[in-house]
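See below for the structure under consideration.
The values are calculated or read from the model by the stated rules, or taken from the named source; none is laboratory data. None of the values given here were measured: they were computed from a predicted structure. Methodologically, a virtual Cβ is constructed for each residue, glycine included, from the backbone with ideal geometry; neighbour enumeration extends over all protein chains shown.
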Amino acid sequence: MTCAQFALILYRIYEMLTGGPYSPTQIAPFGDIDKYDEETKNVISMLHELGIADGSEGNFMPGKPITRAQAAKILVNTAKIVEQLKVSN
C-alpha cells in the first residue's frame, strides 16, 4: 500500500466520522504531490493541516510504499484527532 492509498483510507474514515468532506485551507507544501489528482492533493493536505502527517524533507512520497513505522505514527496521530472530534461533538 502506498502512502497516498493509506491517506485516502484515513480520509474516508474522517468523512464517515464527521459526515462530510474536509476542505483544506491550502494545498500542503510538499514538492512531490503536484502530479496527483485534486482529491489526493486535498487528502494529503488534510493530513498535513491536522498534524497527522508531516512528510520528510519537504516531500510526502505518495507513490512509495508506507512503512510500518510511518503507518503507526499516522494512526496514533489520527486517533488523537478522532478523540478531539468525539469531544467536540
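Here is how the numbers come out for the structure above:
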item: Test: residue in region 8-15 that is over 14 Å from the mean Cα position of the chain (by Cα) and surrounded by fewer than 20 Cβ atoms within 10 Å (Cβ to Cβ); result: no
item: Matching residues in region 16-32 - criterion: being among the aromatic types (Phe, Trp, Tyr) and either farther than 22 Å from residue 56 by Cβ or surrounded by fewer than 16 Cβ atoms within 10 Å (Cβ to Cβ) (or both); result: 22
item: Count - residues of region 44-66 that are surrounded by 15 or more Cβ atoms within 10 Å (Cβ to Cβ), closer than 12 Å to residue 33 by Cβ and in contact with a strand residue (DSSP E or B) (Cβ under 7 Å, 6 or more places away or on another chain); result: 1
item: Conditions (1) more than 24 Å from residue 16 (Cβ to Cβ); (2) modelled with pLDDT of 95 or more: number failed by residue 41; result: (1)
item: Flag for residue 35 being more than 15 Å from the chain's Cα centre (by Cα), more than 17 Å from residue 4 (Cβ to Cβ) and either exposed (fewer than 11 other Cβ atoms within 10 Å of the Cβ) or at pLDDT 95 or above (or both); result: no
item: Count of region 1-60 residues which are of a type in the set (Ser, Thr, Tyr) and in a loop (DSSP other than H, G, I, E, B); result: 4
